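The values are calculated or read from the model by the stated rules, or taken from the named source; none is laboratory data. This is a predicted model, so every value here is computed, not measured. Note that we place each Cβ from the backbone using ideal geometry, even for glycine, and neighbour counts take in every protein chain shown. Note: areas computed on protein heavy atoms with side chains; ligands, DNA, RNA excluded. Shrake-Rupley method; radii C 1.70, N 1.55, O 1.52, S 1.80 Å.
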Amino acid sequence: MKKTTKWLMTLMLILGVGCILEGCGKESNHSVTITLIHAWGGTEEDHVAMREIYEEFQEENPDINLQMISMPTREDMMRKVEDMIMVGNIPDIVSFSGTGENNTYDFMIENNMALDIYPYMQQDQEFADSISEVNKEYWSTENGELYSVADARMLSGGYWYNEDILRAAGIEKVPKSWDEFQTMCNQISEWALNEKNEVKALQPTVEGCLYCMDHMLAGSENSRFEGHNLIFQDEIFNNAINRMKRMHNSAISENADYSYRDETHLFNEGKLAIYINGVWGAPMISKQIDAKYALLPTDEGESMSCISSGLGYVLGNSGNEEKEKAAVKFLKYILSKKVQTKILEKTEQIPANPDISLESYKENKSRLYQAATLVLEADEKIEVPNNIWSAEQKDYFTETILDVLTGNLSIQEFEENLENKQK
(Lines give C-alpha, C1' and ligand atoms only; values in the text may rest on other atoms or scores of the structure.)
Protein backbone atom coordinates (compact mmCIF):
# COMPACT_ATOMS: atom_id res chain seq x y z
CA MET A 1 0.00 0.00 0.00
CA LYS A 2 2.83 2.35 0.92
CA LYS A 3 4.63 1.53 -2.34
CA THR A 4 1.45 2.23 -4.32
CA THR A 5 0.91 5.56 -2.57
CA LYS A 6 4.55 6.54 -3.11
CA TRP A 7 4.32 5.58 -6.78
CA LEU A 8 1.12 7.63 -7.23
CA MET A 9 2.69 10.65 -5.56
CA THR A 10 5.75 10.37 -7.80
CA LEU A 11 3.53 10.07 -10.88
CA MET A 12 1.50 13.15 -9.86
CA LEU A 13 4.69 15.11 -9.26
CA ILE A 14 5.99 14.19 -12.72
CA LEU A 15 2.68 15.12 -14.33
CA GLY A 16 2.60 18.37 -12.36
CA VAL A 17 6.07 19.36 -13.48
CA GLY A 18 5.12 18.43 -17.04
CA CYS A 19 2.05 20.69 -16.90
CA ILE A 20 4.09 23.56 -15.54
CA LEU A 21 6.69 23.15 -18.25
CA GLU A 22 3.97 22.90 -20.90
CA GLY A 23 2.33 26.04 -19.52
CA CYS A 24 5.62 27.89 -19.63
CA GLY A 25 6.15 26.70 -23.15
CA LYS A 26 2.75 27.98 -24.22
CA GLU A 27 3.36 31.36 -22.57
CA SER A 28 6.70 31.81 -24.31
CA ASN A 29 5.12 30.88 -27.65
CA HIS A 30 2.48 33.57 -27.23
CA SER A 31 4.54 36.28 -25.57
CA VAL A 32 7.06 38.58 -27.22
CA THR A 33 9.24 41.33 -25.78
CA ILE A 34 9.89 44.53 -27.71
CA THR A 35 11.91 47.59 -26.74
CA LEU A 36 10.77 51.19 -27.19
CA ILE A 37 13.23 54.03 -26.73
CA HIS A 38 11.84 57.55 -26.60
CA ALA A 39 12.53 61.09 -25.36
CA TRP A 40 9.39 61.51 -23.24
CA GLY A 41 11.25 60.83 -20.01
CA GLY A 42 10.96 64.34 -18.55
CA THR A 43 8.73 65.61 -15.75
CA GLU A 44 6.56 67.89 -17.90
CA GLU A 45 2.86 67.08 -18.11
CA ASP A 46 3.00 66.09 -21.78
CA HIS A 47 5.95 63.78 -21.09
CA VAL A 48 4.05 62.05 -18.30
CA ALA A 49 0.96 61.77 -20.51
CA MET A 50 2.87 60.13 -23.37
CA ARG A 51 4.46 57.59 -21.02
CA GLU A 52 0.99 56.72 -19.72
CA ILE A 53 -0.22 56.22 -23.30
CA TYR A 54 2.69 53.86 -23.93
CA GLU A 55 1.92 51.95 -20.74
CA GLU A 56 -1.71 51.55 -21.77
CA PHE A 57 -0.56 49.67 -24.85
CA GLN A 58 0.97 47.12 -22.52
CA GLU A 59 -2.29 46.83 -20.56
CA GLU A 60 -4.30 46.30 -23.74
CA ASN A 61 -1.82 43.78 -25.13
CA PRO A 62 -0.78 41.42 -22.32
CA ASP A 63 0.78 39.07 -24.87
CA ILE A 64 3.36 41.76 -25.69
CA ASN A 65 5.96 42.81 -23.16
CA LEU A 66 6.82 46.46 -23.90
CA GLN A 67 10.14 47.44 -22.38
CA MET A 68 10.52 51.22 -22.36
CA ILE A 69 13.81 53.08 -22.30
CA SER A 70 12.79 56.60 -21.31
CA MET A 71 15.25 59.41 -21.98
CA PRO A 72 14.66 63.01 -20.78
CA THR A 73 15.76 64.77 -23.99
CA ARG A 74 16.16 64.09 -27.70
CA GLU A 75 19.91 64.49 -27.39
CA ASP A 76 20.10 61.84 -24.66
CA MET A 77 17.85 59.57 -26.68
CA MET A 78 19.97 59.93 -29.82
CA ARG A 79 23.15 59.08 -27.93
CA LYS A 80 21.50 56.02 -26.40
CA VAL A 81 20.24 54.79 -29.78
CA GLU A 82 23.71 55.22 -31.28
CA ASP A 83 25.26 53.24 -28.42
CA MET A 84 22.71 50.43 -28.85
CA ILE A 85 23.22 50.25 -32.60
CA MET A 86 26.99 50.18 -32.30
CA VAL A 87 26.83 46.99 -30.20
CA GLY A 88 24.28 45.39 -32.51
CA ASN A 89 21.32 45.85 -30.16
CA ILE A 90 18.78 47.38 -32.55
CA PRO A 91 15.72 48.74 -30.69
CA ASP A 92 12.39 47.38 -31.93
CA ILE A 93 10.89 50.90 -31.86
CA VAL A 94 12.72 54.24 -31.89
CA SER A 95 10.67 57.39 -31.36
CA PHE A 96 12.72 60.17 -32.95
CA SER A 97 10.25 62.76 -31.59
CA GLY A 98 10.04 65.06 -34.59
CA THR A 99 13.73 65.42 -35.36
CA GLY A 100 14.76 65.80 -38.98
CA GLU A 101 16.93 63.43 -40.96
CA ASN A 102 20.15 62.63 -39.16
CA ASN A 103 23.15 60.32 -39.33
CA THR A 104 21.57 57.72 -37.05
CA TYR A 105 18.45 57.42 -39.20
CA ASP A 106 20.54 57.34 -42.38
CA PHE A 107 22.80 54.66 -40.88
CA MET A 108 19.79 52.50 -40.01
CA ILE A 109 18.41 52.77 -43.56
CA GLU A 110 21.75 52.16 -45.27
CA ASN A 111 22.49 49.10 -43.13
CA ASN A 112 19.05 47.51 -43.44
CA MET A 113 18.28 48.07 -39.74
CA ALA A 114 14.91 49.79 -40.30
CA LEU A 115 11.68 48.01 -41.17
CA ASP A 116 9.78 49.08 -44.29
CA ILE A 117 6.22 49.91 -43.19
CA TYR A 118 4.77 49.98 -46.70
CA PRO A 119 4.00 46.22 -47.00
CA TYR A 120 1.97 46.40 -43.78
CA MET A 121 0.06 49.40 -45.14
CA GLN A 122 -0.84 47.40 -48.24
CA GLN A 123 -2.31 44.67 -46.06
CA ASP A 124 -4.32 47.04 -43.86
CA GLN A 125 -6.13 49.98 -45.46
CA GLU A 126 -7.30 51.37 -42.11
CA PHE A 127 -3.69 51.49 -40.97
CA ALA A 128 -2.61 53.17 -44.22
CA ASP A 129 -5.37 55.79 -43.90
CA SER A 130 -4.30 56.65 -40.35
CA ILE A 131 -0.89 57.87 -41.55
CA SER A 132 -0.87 61.56 -42.52
CA GLU A 133 -0.43 62.42 -46.19
CA VAL A 134 2.36 64.86 -45.34
CA ASN A 135 4.20 61.96 -43.66
CA LYS A 136 3.84 59.73 -46.72
CA GLU A 137 4.85 62.55 -49.06
CA TYR A 138 8.02 63.55 -47.24
CA TRP A 139 9.35 60.27 -45.81
CA SER A 140 8.60 57.85 -48.67
CA THR A 141 11.76 56.93 -50.55
CA GLU A 142 12.21 57.04 -54.31
CA ASN A 143 11.66 53.27 -54.35
CA GLY A 144 8.40 53.53 -52.42
CA GLU A 145 9.60 52.38 -49.00
CA LEU A 146 8.42 54.09 -45.84
CA TYR A 147 10.59 53.78 -42.74
CA SER A 148 9.26 56.59 -40.55
CA VAL A 149 5.73 57.19 -39.27
CA ALA A 150 4.94 60.14 -36.97
CA ASP A 151 2.08 60.30 -34.49
CA ALA A 152 1.67 64.08 -34.89
CA ARG A 153 1.89 66.76 -37.56
CA MET A 154 4.27 69.66 -36.96
CA LEU A 155 2.48 73.00 -37.31
CA SER A 156 4.63 76.08 -36.89
CA GLY A 157 6.08 79.06 -38.71
CA GLY A 158 4.90 81.62 -36.22
CA TYR A 159 5.14 83.03 -32.73
CA TRP A 160 3.04 83.50 -29.62
CA TYR A 161 2.52 87.05 -28.43
CA ASN A 162 1.27 88.57 -25.20
CA GLU A 163 -1.75 90.55 -26.32
CA ASP A 164 -1.76 92.69 -23.15
CA ILE A 165 1.82 93.83 -23.80
CA LEU A 166 1.18 94.62 -27.46
CA ARG A 167 -1.91 96.59 -26.56
CA ALA A 168 -0.09 98.53 -23.85
CA ALA A 169 2.75 99.32 -26.28
CA GLY A 170 0.26 100.68 -28.80
CA ILE A 171 0.49 97.80 -31.30
CA GLU A 172 -2.89 97.65 -33.03
CA LYS A 173 -2.28 94.72 -35.38
CA VAL A 174 0.35 92.05 -35.93
CA PRO A 175 2.84 92.78 -38.73
CA LYS A 176 2.75 91.17 -42.16
CA SER A 177 6.20 92.27 -43.37
CA TRP A 178 9.62 92.04 -41.73
CA ASP A 179 9.95 95.83 -41.66
CA GLU A 180 6.67 96.03 -39.76
CA PHE A 181 7.88 93.28 -37.45
CA GLN A 182 11.06 95.24 -36.64
CA THR A 183 8.99 98.38 -36.06
CA MET A 184 6.82 96.43 -33.61
CA CYS A 185 9.89 95.20 -31.71
CA ASN A 186 11.31 98.72 -31.54
CA GLN A 187 8.00 100.11 -30.32
CA ILE A 188 7.78 97.48 -27.56
CA SER A 189 11.37 98.17 -26.50
CA GLU A 190 10.74 101.93 -26.30
CA TRP A 191 7.54 101.39 -24.32
CA ALA A 192 9.34 99.06 -21.89
CA LEU A 193 12.14 101.59 -21.45
CA ASN A 194 9.68 104.36 -20.65
CA GLU A 195 7.71 102.15 -18.28
CA LYS A 196 10.89 100.69 -16.71
CA ASN A 197 9.24 97.27 -16.52
CA GLU A 198 12.12 95.12 -17.91
CA VAL A 199 9.93 93.64 -20.66
CA LYS A 200 11.84 92.50 -23.76
CA ALA A 201 10.33 92.42 -27.22
CA LEU A 202 11.73 88.98 -27.95
CA GLN A 203 14.53 86.70 -26.85
CA PRO A 204 14.43 83.54 -28.99
CA THR A 205 16.63 80.50 -28.65
CA VAL A 206 19.09 79.63 -31.41
CA GLU A 207 16.42 77.22 -32.69
CA GLY A 208 14.04 80.19 -32.85
CA CYS A 209 16.65 82.04 -34.87
CA LEU A 210 16.73 79.09 -37.26
CA TYR A 211 12.96 79.33 -37.75
CA CYS A 212 13.24 83.05 -38.49
CA MET A 213 16.14 82.52 -40.89
CA ASP A 214 14.32 79.70 -42.64
CA HIS A 215 11.24 81.87 -43.06
CA MET A 216 13.28 84.77 -44.42
CA LEU A 217 15.03 82.57 -46.98
CA ALA A 218 12.01 80.54 -48.05
CA GLY A 219 9.76 83.58 -48.07
CA SER A 220 11.93 85.53 -50.48
CA GLU A 221 10.51 85.96 -53.97
CA ASN A 222 13.76 84.70 -55.50
CA SER A 223 14.40 81.77 -53.17
CA ARG A 224 14.91 78.34 -54.74
CA PHE A 225 14.62 74.76 -53.58
CA GLU A 226 16.26 71.64 -54.95
CA GLY A 227 14.31 68.69 -53.63
CA HIS A 228 13.91 69.49 -49.96
CA ASN A 229 17.12 71.52 -49.76
CA LEU A 230 17.20 75.31 -49.69
CA ILE A 231 19.59 76.76 -52.27
CA PHE A 232 21.60 79.65 -50.83
CA GLN A 233 21.81 82.89 -52.80
CA ASP A 234 24.25 85.54 -51.60
CA GLU A 235 22.01 88.60 -51.74
CA ILE A 236 19.04 86.87 -50.11
CA PHE A 237 21.25 85.31 -47.45
CA ASN A 238 23.00 88.61 -46.66
CA ASN A 239 19.67 90.42 -46.37
CA ALA A 240 18.34 87.77 -43.99
CA ILE A 241 21.40 87.90 -41.72
CA ASN A 242 21.40 91.71 -41.63
CA ARG A 243 17.71 91.66 -40.77
CA MET A 244 18.42 89.23 -37.94
CA LYS A 245 21.21 91.49 -36.71
CA ARG A 246 18.67 94.28 -36.34
CA MET A 247 16.44 91.89 -34.43
CA HIS A 248 19.43 91.10 -32.22
CA ASN A 249 19.20 94.62 -30.84
CA SER A 250 15.76 93.69 -29.50
CA ALA A 251 17.42 91.35 -26.97
CA ILE A 252 18.23 88.07 -28.65
CA SER A 253 20.10 86.04 -26.05
CA GLU A 254 23.87 85.67 -26.28
CA ASN A 255 23.86 82.70 -23.93
CA ALA A 256 24.45 79.49 -25.89
CA ASP A 257 22.82 77.44 -23.12
CA TYR A 258 19.59 79.45 -23.29
CA SER A 259 16.81 76.93 -24.06
CA TYR A 260 13.13 76.88 -24.95
CA ARG A 261 12.40 76.24 -21.27
CA ASP A 262 14.08 79.56 -20.40
CA GLU A 263 12.16 81.38 -23.13
CA THR A 264 8.89 79.79 -22.01
CA HIS A 265 9.57 80.81 -18.41
CA LEU A 266 10.22 84.45 -19.37
CA PHE A 267 7.08 84.58 -21.50
CA ASN A 268 4.99 83.09 -18.69
CA GLU A 269 6.39 85.68 -16.28
CA GLY A 270 5.21 88.47 -18.58
CA LYS A 271 8.78 89.55 -19.37
CA LEU A 272 8.65 88.70 -23.08
CA ALA A 273 6.20 90.08 -25.61
CA ILE A 274 7.03 87.51 -28.31
CA TYR A 275 7.73 83.80 -27.88
CA ILE A 276 8.88 81.98 -31.04
CA ASN A 277 7.59 78.42 -31.04
CA GLY A 278 5.26 76.10 -32.88
CA VAL A 279 1.59 75.43 -32.27
CA TRP A 280 2.70 72.72 -29.85
CA GLY A 281 3.80 75.45 -27.43
CA ALA A 282 0.16 76.14 -26.46
CA PRO A 283 0.01 73.91 -23.35
CA MET A 284 3.33 75.28 -22.07
CA ILE A 285 1.98 78.82 -21.85
CA SER A 286 0.48 79.95 -18.55
CA LYS A 287 -3.29 80.40 -18.50
CA GLN A 288 -2.64 83.80 -16.89
CA ILE A 289 -1.14 85.07 -20.17
CA ASP A 290 -3.49 86.33 -22.87
CA ALA A 291 -1.56 84.63 -25.65
CA LYS A 292 -2.38 84.58 -29.34
CA TYR A 293 -0.55 83.09 -32.31
CA ALA A 294 0.71 85.00 -35.36
CA LEU A 295 2.65 83.88 -38.41
CA LEU A 296 6.16 85.13 -39.06
CA PRO A 297 6.20 87.82 -41.76
CA THR A 298 7.20 87.50 -45.41
CA ASP A 299 8.71 89.96 -47.88
CA GLU A 300 5.60 90.01 -50.01
CA GLY A 301 3.15 90.12 -47.10
CA GLU A 302 1.51 86.79 -47.98
CA SER A 303 0.90 84.40 -45.13
CA MET A 304 3.29 81.44 -44.90
CA SER A 305 3.47 78.60 -42.38
CA CYS A 306 5.26 75.32 -41.76
CA ILE A 307 3.26 72.11 -42.01
CA SER A 308 5.22 68.92 -42.01
CA SER A 309 5.95 65.58 -40.45
CA GLY A 310 9.17 65.20 -38.55
CA LEU A 311 11.04 61.95 -38.13
CA GLY A 312 8.71 59.75 -36.08
CA TYR A 313 8.68 56.08 -35.11
CA VAL A 314 11.22 53.87 -36.85
CA LEU A 315 10.85 50.12 -36.34
CA GLY A 316 13.82 47.81 -36.11
CA ASN A 317 14.38 45.29 -38.88
CA SER A 318 15.32 42.49 -36.48
CA GLY A 319 14.43 39.54 -38.72
CA ASN A 320 12.21 38.27 -35.93
CA GLU A 321 8.70 38.13 -37.39
CA GLU A 322 6.99 38.12 -33.98
CA LYS A 323 8.87 41.19 -32.82
CA GLU A 324 8.23 43.07 -36.05
CA LYS A 325 4.50 42.28 -35.99
CA ALA A 326 4.32 43.41 -32.35
CA ALA A 327 6.10 46.67 -33.24
CA VAL A 328 3.67 47.29 -36.11
CA LYS A 329 0.79 46.57 -33.72
CA PHE A 330 2.19 49.28 -31.43
CA LEU A 331 2.31 51.71 -34.36
CA LYS A 332 -1.31 50.93 -35.28
CA TYR A 333 -2.26 51.52 -31.64
CA ILE A 334 -0.54 54.93 -31.58
CA LEU A 335 -2.32 56.00 -34.78
CA SER A 336 -5.76 54.72 -33.76
CA LYS A 337 -8.50 57.34 -33.36
CA LYS A 338 -8.81 56.59 -29.66
CA VAL A 339 -5.13 57.12 -28.91
CA GLN A 340 -4.75 60.03 -31.33
CA THR A 341 -7.61 61.79 -29.56
CA LYS A 342 -5.90 61.15 -26.24
CA ILE A 343 -2.61 62.56 -27.56
CA LEU A 344 -4.42 65.72 -28.70
CA GLU A 345 -6.30 66.18 -25.43
CA LYS A 346 -3.39 65.41 -23.09
CA THR A 347 -0.40 66.85 -24.95
CA GLU A 348 -2.01 69.24 -27.49
CA GLN A 349 0.01 67.81 -30.34
CA ILE A 350 -1.80 67.92 -33.68
CA PRO A 351 -2.81 64.33 -34.55
CA ALA A 352 -1.38 62.62 -37.60
CA ASN A 353 -4.57 60.66 -38.17
CA PRO A 354 -6.62 62.79 -40.64
CA ASP A 355 -9.89 61.50 -39.15
CA ILE A 356 -9.36 63.60 -36.01
CA SER A 357 -11.05 67.00 -36.37
CA LEU A 358 -10.03 70.10 -34.43
CA GLU A 359 -13.47 71.69 -34.71
CA SER A 360 -14.77 69.98 -31.58
CA TYR A 361 -11.96 71.64 -29.58
CA LYS A 362 -12.76 75.19 -30.69
CA GLU A 363 -14.12 76.13 -27.26
CA ASN A 364 -12.24 74.09 -24.66
CA LYS A 365 -8.86 74.38 -26.42
CA SER A 366 -9.35 77.78 -28.01
CA ARG A 367 -5.66 78.75 -27.85
CA LEU A 368 -4.56 75.62 -29.73
CA TYR A 369 -7.46 75.91 -32.18
CA GLN A 370 -6.64 79.55 -33.02
CA ALA A 371 -2.97 78.74 -33.68
CA ALA A 372 -3.59 75.55 -35.66
CA THR A 373 -6.27 77.16 -37.82
CA LEU A 374 -3.98 80.07 -38.65
CA VAL A 375 -1.20 77.71 -39.74
CA LEU A 376 -3.49 75.43 -41.74
CA GLU A 377 -5.11 78.33 -43.62
CA ALA A 378 -1.87 80.10 -44.63
CA ASP A 379 -1.44 81.02 -48.30
CA GLU A 380 1.80 79.06 -48.61
CA LYS A 381 3.19 76.07 -46.70
CA ILE A 382 6.82 75.11 -46.33
CA GLU A 383 8.70 72.36 -44.49
CA VAL A 384 9.90 72.82 -40.93
CA PRO A 385 13.64 73.60 -40.61
CA ASN A 386 14.31 70.05 -39.40
CA ASN A 387 13.35 68.79 -42.85
CA ILE A 388 15.05 71.48 -44.94
CA TRP A 389 18.41 71.76 -43.21
CA SER A 390 20.75 68.81 -42.83
CA ALA A 391 21.67 67.74 -39.30
CA GLU A 392 25.19 69.09 -39.86
CA GLN A 393 23.82 72.43 -41.06
CA LYS A 394 21.50 72.72 -38.08
CA ASP A 395 24.29 71.93 -35.64
CA TYR A 396 26.60 74.46 -37.26
CA PHE A 397 23.87 77.12 -37.38
CA THR A 398 22.93 76.77 -33.72
CA GLU A 399 26.58 76.68 -32.64
CA THR A 400 27.68 79.79 -34.57
CA ILE A 401 24.69 82.05 -35.29
CA LEU A 402 25.40 84.20 -32.22
CA ASP A 403 28.97 84.74 -33.47
CA VAL A 404 27.54 86.00 -36.77
CA LEU A 405 24.99 88.28 -35.13
CA THR A 406 27.64 89.80 -32.85
CA GLY A 407 30.10 90.31 -35.73
CA ASN A 408 32.63 87.70 -34.63
CA LEU A 409 32.10 85.62 -37.78
CA SER A 410 31.64 87.01 -41.29
CA ILE A 411 28.41 86.39 -43.18
CA GLN A 412 30.38 85.06 -46.16
CA GLU A 413 32.23 82.46 -44.11
CA PHE A 414 29.02 81.46 -42.34
CA GLU A 415 27.20 80.96 -45.66
CA GLU A 416 30.06 79.00 -47.23
CA ASN A 417 30.29 76.65 -44.26
CA LEU A 418 26.53 76.05 -44.34
CA GLU A 419 26.64 75.24 -48.05
CA ASN A 420 29.47 72.76 -47.49
CA LYS A 421 27.29 70.92 -44.99
CA GLN A 422 24.42 70.47 -47.44
CA LYS A 423 22.65 67.09 -47.50
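From a point 7 Å beyond the Cα of residue 195 in the direction of its Cβ, which residues of the stretch 261-287 have a backbone N at a distance under 17 Å? Only 266-275 fall inside the zone, counting backbone N under 17 Å.
Normalised per residue, the accessible area of the chain is 49 Å², obtained with a 1.4 Å probe and no contribution from ligands, DNA or RNA. Less than 13 Å Cβ to Cβ from residue 129, Lys/Arg counted +1 and Asp/Glu -1: what total charge do the surrounding residues give? Once all neighbours under 13 Å are counted, the net charge is -1.
With a cut-off of 12 Å between beta carbons, the residues surrounding residue 94 carry a summed charge of 0, where Lys and Arg count +1 and Asp and Glu -1. Short-range pairs are left out: with C-alpha atoms under 8 Å and at least six residues apart, the relative contact order of the stretch 53-192 is 13 percent. Measuring nothing but how far apart in sequence close Cα pairs (under 8 Å, 6+ apart) lie, relative to its length, the chain scores a relative contact order of 24 percent. Placing a label point 7 Å from the Cα of residue 111 along the Cα-to-Cβ direction, the residues of the stretch 368-406 whose backbone N falls under 19 Å from that point are 391-392. In terms of distances greater than 23 angstrom between alpha carbons, the cross-link table entries 80/323; 136/381; 200/362; 196/271 yield 200/362.
Charge dipole of the chain (Cα centre as origin; +1 on each Lys and Arg Cβ, -1 on each Asp and Glu Cβ, all else neutral): 1800 debye, rounded to the nearest 20. Put simply, the amide H of residue 114, placed in the peptide plane, has neighbours under 5 Å in 317, leaving out anything fewer than 5 places away on its chain.
Dipole magnitude for the stretch 143-186: about 80 debye, using +1 per Lys or Arg Cβ and -1 per Asp or Glu Cβ, origin at the Cα centre.
By accessible area, using a 1.4 Å probe on protein heavy atoms only, the chain has 47% of its surface on carbon and sulfur. Remark: spin-label model distance residue 60-residue 398 equals 3.2 nm, labels positioned 7 Å along the Cα→Cβ axis.
Pick from 95, 390, 410: which is most flexible by mean-square fluctuation in a GNM of the chain where alpha carbon atoms under 10 Å apart are linked? Checking each option, the largest mean-square fluctuation is seen for 410.
The helix-only estimate of mean residue ellipticity at 222 nm for the chain, built from DSSP H runs of length n ≥ 4 each weighted as -39500 (n - 2.57), is -15500 deg cm²/dmol after division by the residue total.
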